[in-house]
Amino acid sequence: MDRSEPYVQTIRRACPELAIESVDLNEQGQNSVVLVVDGEWIFRFPRYAHVLARLRVETAILQAIQGVVPLVVPAPVFLHLGDRQPGGAFFGYRRIPGEPLWRDTFRAINDEATVDELASQLGSFLRGLHSVPPGAISARLARSDTRAEWIDIYARVVDQLFPHMRPSARTWAAGHFETCLDDEQAFAYEPVLKHGDMGPSNILFDRVARRITGILDFGNSGLGDPAYDFAGLLSGYGEEFVQRCARTYPQVVAMLPRIRFYRGTFALLEALSGAENDDPAAFAAGLAGYV
């Protein structure tokens, strides 16, 4: 049996107006199954109840920011979020053209004007996103990036990851966390609507026009530290690029210590997720630089 057929039948029942001629199934995602329909529509089917709950929040965020942010984001068109059974609920939007702006793709750009324009696009996008009033969103937004949350994360890193790390890596990680956590003013920021995963895979790029065409995946969006989004850009494209973003988002300069802090936790967070969710591949990948 075609593994995509149950999903296709769910779409047909909920969206009889949509003619479906071709389907490309992707079951690789940890949280969702994705169908590309007719090369034009993207349908995401949450695997678990908690992912469905996040998808409802994501949908509310996307509906609120349409036309507000200066880059294209997924626009909810086909919504069927009431079914709690795996494979029964979905979110569909028109495919945004472009390909991920991978690190290697970015590094191959040797035109300073193009790099400046990309920084301007992303800085302007984040400035617009971070300016959206939380009250404009018809869903309760979770708060993240608090000092208490990071104290808890650090304790779990020590408990679950330190036994597997070489001594010098443990020393570095302890200093990285404690320098920030010992400064109570480090988290004295105004929470904003953040994207939550501004890595290269979610930034779409047109190689011909040499411009960003859209931003994907708001599944981790909520209230948090604006610096966290720039940490994703730091990880993908380096600090010089982040500093270029300050031309359209001047507050970036003051955020740099927090941006660097968050960037320094990414691999450990991946390893911690692997440890806590029985994912050996994530655990090994996250700890690769620390063993």
key: Rounded to the nearest 10 Å², the accessible area of V57 at probe 1.4 Å   = 40 Å²
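Within segment 66-194, what whole-number % of the accessible surface is contributed by carbon and sulfur, with the 1.4 Å probe and all protein chains included in the calculation? Could the numbers behind the result be given before it?
Values: 3450 of 6890 Å².
On segment 66-194, the fraction of accessible area on carbon and sulfur atoms equals 50 percent.
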request  = On a 0 to 90° scale, report how tilted helix 49-65 is relative to the longest principal axis of the chain, with both axes built from alpha carbons and the result rounded to the nearest 10.
outcome  = 90 degrees
inquiry  = P(r) for segment 33-87, please, calculated from all Cα pair distances in 5 Å bins and given in %.
reply    = 4, 17, 26, 24, 18, 9, 2, 0
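Longest exposed-loop-site-free stretch of the chain, with GluC sites (Glu not before Pro), DSSP loop and at most 15 other Cβ within 10 Å? Could you put the intermediate results ahead of the total?
Working: sites that count: E17, E21, E27, E40.
Here the longest segment lacking exposed loop sites spans 41-291.
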ask   = Helix 147-160 versus the longest principal axis of the chain: what angle, 0 to 90°, nearest 10, using Cα atoms?
value = 90 degrees
ask   = Rg and Dmax of segment 114-187, using alpha carbons, in Å: what are they?
value = 18.0, 48
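Provide the gained length on full extension for the span R12 to A113, in nm with one decimal, where the gain is 0.36 nm per separating residue minus the Cα-Cα distance.
Values: separation 101, 0.36 × 101 = 36.36 nm, distance 4.67 nm.
So the extension gain works out to 31.7 nm.
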inquiry  = Please compute the alpha carbon radius of gyration of segment 56-128, then divide it by the globular-protein estimate 2.2 N^0.38 Å. Two decimals is fine.
reply    = 1.47
task = Take the alpha carbon atoms of segment 80-156, find their center, do the same for segment 199-234, and report the distance between the two centers in whole angstrom.
result = 5 Å
note = Simple spin-label estimate for A174/D2, 7 Å along Cα→Cβ, in nm, reads 5.9 nm
note = Computed over the Cα atoms of the chain, the Rg and Dmax in Å are 20.0, 61
note = Pseudo-spin-label distance E99 to A53, built 7 Å along Cα→Cβ, given in nm, is 3.9 nm
remark   = With a ≥ b ≥ c from the Cα gyration tensor eigenvalues, square-rooted, and the rule rounded for a/c under 1.5, otherwise prolate when a/b > b/c and oblate otherwise, segment 24-166 is rounded
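List the relative contact order of segment 148-291 as a percent without decimals, with contacts defined as Cα pairs under 8 Å and 6+ residues apart. Can you show the working numbers first?
Numbers: 158 pairs, mean separation 34.3, N = 144.
Over segment 148-291, the number comes to 24 percent.
Given the DSSP H assignment, sum -39500 (n - 2.57) over each helix run of at least 4 residues in the chain and divide by its residue total; what's the result at 222 nm in deg cm²/dmol, nearest 500? Let's see the in-between values first.
Values: 11 runs with 130 residues, N = 291.
Calculated from helices alone, the mean residue ellipticity at 222 nm is -14000 deg cm²/dmol.
Report relative contact order for segment 18-112 in percent, whole number only (criteria: Cα-Cα under 8 Å, sequence separation at least 6).
Working: 128 pairs, mean separation 22.1, N = 95.
Averaging sequence separation for qualifying contacts and normalising by length gives 23 percent for segment 18-112.
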message = Can you work out the Karplus-derived ³J(HN,Hα) for every residue in segment 268-284? Use 6.51 cos²θ - 1.76 cosθ + 1.60 with θ = phi - 60°, whole Hz, and x for glycine or proline.
response = 5, 5, 5, 5, 5, 4, x, 5, 8, 10, 6, 10, x, 5, 5, 4, 5
key: Rounded tilt (10° steps) of 112-130 against the dominant C-alpha axis of the chain   = 80 degrees
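Compute the longest continuous run of the chain that contains no exposed trypsin sites (Lys or Arg not before Pro); treat a site as exposed when its DSSP state is not H, G, I, E or B and it has at most 16 other Cβ atoms within 10 Å. Could you put the intermediate results ahead of the total?
On the way: sites that count: R3, R47, R84, R95, R140, R207, R210, R247.
Value returned for the longest uninterrupted segment is 141-206.
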request  = Please report Rg over Rh for segment 105-248, where both radii come from the alpha carbon positions and Rh follows the Kirkwood definition.
outcome  = 1.02
task = Return one whole number: the accessible area per residue of the chain in Å², for a 1.4 Å probe.
result = 48 Å²
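The values are calculated or read from the model by the stated rules, or taken from the named source; none is laboratory data. As the structure is a computational prediction, the values presented were derived from the model and not from experiment. As a convention, Cβ positions derive from the backbone with ideal geometry for all residues, glycine included, and neighbour counts pool all protein chains shown. For accessibility, only protein heavy atoms count, side chains too; no ligands or nucleic acids. Shrake-Rupley method; radii C 1.70, N 1.55, O 1.52, S 1.80 Å.
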